[in-house]
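What follows is calculated from the coordinates using simple rules that are stated; it is not laboratory data. All values derive from a computational prediction rather than experimental measurement.
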Amino acid sequence: MKKNTLSITIILSVIIVISSAIICFNLYTNWSSKTVEQDSNVASLTNTTDQKDLQSIIHEAQKNVVQISVETASSEKTGSGFLYNSNGDIITNAHVIEDAESITVTMSNAETYKAAIVKMGDKKDIAVIRVPQLINQTPVDIASSEKLGIGDEIIAVGSPLGFQNSVSIGIISGIDRSFEIDTFSYDNVYQISANITHGNSGGPLINRSTGEVVGINSAGIDESEIAFSIPIGNVIEDVTEWSRSVSDEELIYPVASYNINSDPAQMQEDADYLISYFFESIKIHDYINAYTLLGSSLQTETGYTDFRKSYIYHISLEVSESKTTYLEDDNQVEIITDVEVVHVDSENEPETRTYTFTVGYENDQLKIIELNKEEVSD
C-alpha cells in the first residue's frame with residue numbers, strides 16, 4: 001500500500017513539472033512574438049521627422065547669399081543674389097544688374113569680388129552673374145520641381161536697404177499670380193507675406209521645413225505684407241543652360257570703378273558686420289566659418305584646433321556692448337566689445353569678457369587682423 005501511494009505521488013509530481021514547463025514555454029513563445037506598443041511620448045518622438053532648426057537654416061543660407069552693389073551711368077543700387085552651383089555662378093534678378101557699369105558682390109564673411117555677367121532674361125526677371133573666386137564653394141540647396149502651397153512657411157534672405165543678410169519670415173499667401181512690371185513678365189509666381197523691400201530683389205526664398213531654396217524674391221509692395229517670388233522650378237532650366245553655355249573667357253565684366261578701400265564710413269560698417277558675423281558663427285557652433293574670418297597672421301599664431309577649443313565649452317555667448325573706432329593712420333578699424341559668456345565649468349554664472357578686434361584689409365579682403373580678449377574682474 002505504501003509502495004503504491006509513493007508511486008502515485010512520484011507520477012503526479014513528474015506530470016506537474018512537465019505541465020509547468022510546457023505552460024512556461026508557451027507563454028514565453030507567445031510573449032516574444034508580440035510587438036511592443038510605444039505609448040511613451042518620449043519614445044514616439046524618435047519616429048517623427050524633426051523640422052530643421054531655424055537658426056541653423058538661416059546661418060547656412062546666409063553663407064551663400066550675397067549683397068550685389070551696382071553702379072550705372074546715373075545711379076547706384078543694391079540687390080541680392082545666391083550662389084547656386086560650384087562654378088561661382090550667382091542667381092539674381094535681371095532688374096538688379098540692368099544697365100550695370102560695375103557689379104560688386106559682398107559675401108556673408110565680408111569678402112568682396114567683382115562679378116561678370118553670364119546672361120540676363122529679356123522677359124523673365126532673372127540673371128546669372130559669375131565670380132571665378134567662388135569656384136568649388138558649396139552652393140545653396142535647390143529644391144526639386146515640387147511647388148509649395150498656401151500656408152507653407154518660408155524665409156526670405158537678402159539685403160533690404162543695404163542691411164546685409166537680413167531675414168524675413170512668413171508664409172505662401174498666394175500661388176500662380178501673374179503680372180507685368182516695366183518690361184518683365186511674372187508668370188505663376190508665389191505671393192508671400194514675408195516683408196520685401198529695395199535690396200531684397202534677387203535673394204532666395206527658402207522652405208522653412210527643408211532649408212532648400214524654392215524661389216527668387218523679385219518684387220514687393222511698399223508698407224505692406226505683399227511680395228512676390230519667382231518659383232525656382234520656373235527658371236532653373238534657363239539658368240543652368242546659361243551657365244553651361246558661357247566659358248570664363250567669354251564673360252562680360254562691366255567697367256570697374258568701385259574702390260573697396262576708399263570709404264572709411266563704409267569700412268566701419270563692414271567691420272561691425274564682420275564682427276557680428278564672427279560671434280553669430282561661434283553661437284551656432286560653426287567654428288570653421290569663424291576661423292576663416294581671421295587674417296593669415298592670426299591663423300599662423302593659432303591653429304584651428306586651438307581656436308575651436310577656446311570656444312567649444314561655451315554654453316552661451318551674448319554681445320552686450322561695442323565701440324567702433326576708425327584708425328586713420330593704418331586704415332583699420334578697432335572694435336571693443338563686451339561679451340557675456342557662460343562656460344561649462346562656471347555653474348551657469350556668466351563671465352564678462354572684453355574682446356578687442358583690429359579689422360583691416362588683407363589681399364583686398366576685410367579680415368580680423370588682431371584679436372585680444374580679457375576677463376573683466378568684478
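Using the empirical formula 2.2 N^0.38 Å as the baseline, the Cα radius of gyration of the range 97-225 reaches a ratio of 1.07. Along its first, second and third principal axes, ordered by size, the range 133-204 spans 37, 29, 26 Å in Cα coordinates. Our analysis of the range 246-378 gives Rg over Rh at 1.06, with the two radii drawn from alpha carbon positions and Rh computed by the Kirkwood formula.
If the segment from Asp338 to Tyr361 were pulled out straight at 0.36 nm per residue, it would be longer than the present Cα-Cα gap by 5.9 nm. Pairs over the 24 Å Cα-Cα cut-off, from the set Lys77/Lys119; Lys283/Lys367; Lys123/Lys147; Lys309/Lys373; Lys63/Lys114; Lys77/Lys323: Lys77/Lys323.
A simple rule links phi to the HN-Hα coupling: the Karplus curve 6.51 cos²θ - 1.76 cosθ + 1.60 with θ = phi - 60°, which for the range 362-370 gives 9, 6, 6, 10, 6, 9, 7, 7, 9 Hz, with x for Gly and Pro.
Under 5 Å from the amide H of Gly199 lie the amide H atoms of Leu161, each residue being 5 or more positions distant or on a separate chain, with H modelled from the backbone and absent for Pro and chain starts.
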